[in-house]
Amino acid sequence: MTDSEIPVLAFNAQKAQDIPFEIFRIESKPHYSTLPASFRQSFYAIAVLTEGAGTNQIDFKTYPIEPGR
């Protein structure tokens, strides 16, 4: 996949009191489970994980996701 072919996940701002911010459970976004392995996002994200483990790749560097980290 070339750099220009990487899809972009965009933030659809539903403004609450003019603050473009959203809190949600990942289960409420069924399309997230079908995202390609590589994608860009046009917004900042903070993820809070309560269980499980895995990896996240940011700018082609892999970071572990595990309890206590």
query = Just a yes or no: is a residue in region 48-58 surrounded by 10 or more Cβ atoms within 10 Å (Cβ to Cβ), more than 11 Å from the chain's Cα centre (by Cα) and at pLDDT 80 or above?
reply = yes
task = Determine, yes or no, whether residue 53 is touching an Asp or Glu at 6+ places or on another chain (Cβ under 7 Å) and among the small types (Gly, Ala, Ser).
result = yes
query = Is there a residue being without any contact (Cβ under 8 Å) to a residue 24 or more places away in the chain and open to solvent by less than 100 Å² (accessible area, probe 1.4 Å) anywhere in region 35-44?
reply = no
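The values are calculated or read from the model by the stated rules, or taken from the named source; none is laboratory data. In this text, all values refer to a predicted model and were calculated from it rather than measured experimentally. All Cβ positions, even for glycine, are placed from backbone atoms using ideal geometry, and neighbour counts span all protein chains on display. Heavy atoms of the whole protein, side chains included, go into the accessibility calculation; ligands, DNA and RNA do not. Shrake-Rupley method; radii C 1.70, N 1.55, O 1.52, S 1.80 Å.
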